[in-house]
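All remarks here apply to the structure that follows.
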Amino acid sequence: MSFGFSSTDRLHEEALQQNLWIYDKNKHVWYTPEEFKAIYGGKSKHFHELEHFVIRDPIAGIKAAHKEMKLQSTRMEELRERLHEFSIKVFKYYWKEPKFK
């Protein structure tokens with residue numbers, strides 16, 4: 001949503017005006033405009049240092065996190081199923097069908 005900011009103060013001001021928060025895409029951390037200003041305010045940054053900060057709606061962040069949790073939960077269940085099937089296969093191979101002569 002935001003790019004091309006030349007200073008942390010400008011990024012902070014824009015977030016305040018839009019009533020949104022600032023998200024650090026590299027660290028996966030959300031900042032209120034006030035938190036962002038307290039941490040980064042007044043510091044001179046080059047464009048490439050600011051490009052990983054974006055202004056976003058924190059509610060959209062909550063929705064995205066719920067979506068990611070659901071996806072991870074599905075993956076975890078699939079992994080659990082595969083592990084269970086593999087465990088049964090190993091058990092049957094070694095204990096149900098003698099392999100030693």
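We did not get these values from a lab; they are worked out from the coordinates using the rules stated. Predicted, not measured: the structure shown is a model, and the values here were computed from it. Here the Cβ positions follow ideal geometry from the backbone for every residue, glycine too, while neighbour counts run over all protein chains shown.
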Gained length - N19 relative to T74, 0.36 nm times residue gap less alpha-carbon distance: 16.4 nm
Rank the residues T8, T74, T32 as a footprinting-exposure proxy: fewest other Cβ atoms within 10 Å of their Cβ go first. T74, T32, T8
Computed ³J(HN,Hα) along the stretch 55-72: with the Karplus parameters 6.51/-1.76/1.60, θ = phi - 60°, integer Hz and x for glycine or proline, the list is 8, 9, 7, x, 5, 5, x, 5, 4, 5, 5, 5, 4, 5, 4, 5, 4, 5
Counting only residues 5 or more apart in sequence or on a different chain, those whose built amide H sits under 5 Å from that of V29 are D24
Provide, for q = 0.17 Å⁻¹, the log10 of I(q)/I(0) from a solvent-free Debye sum over equal Cα point scatterers in the stretch 58-101. -0.61
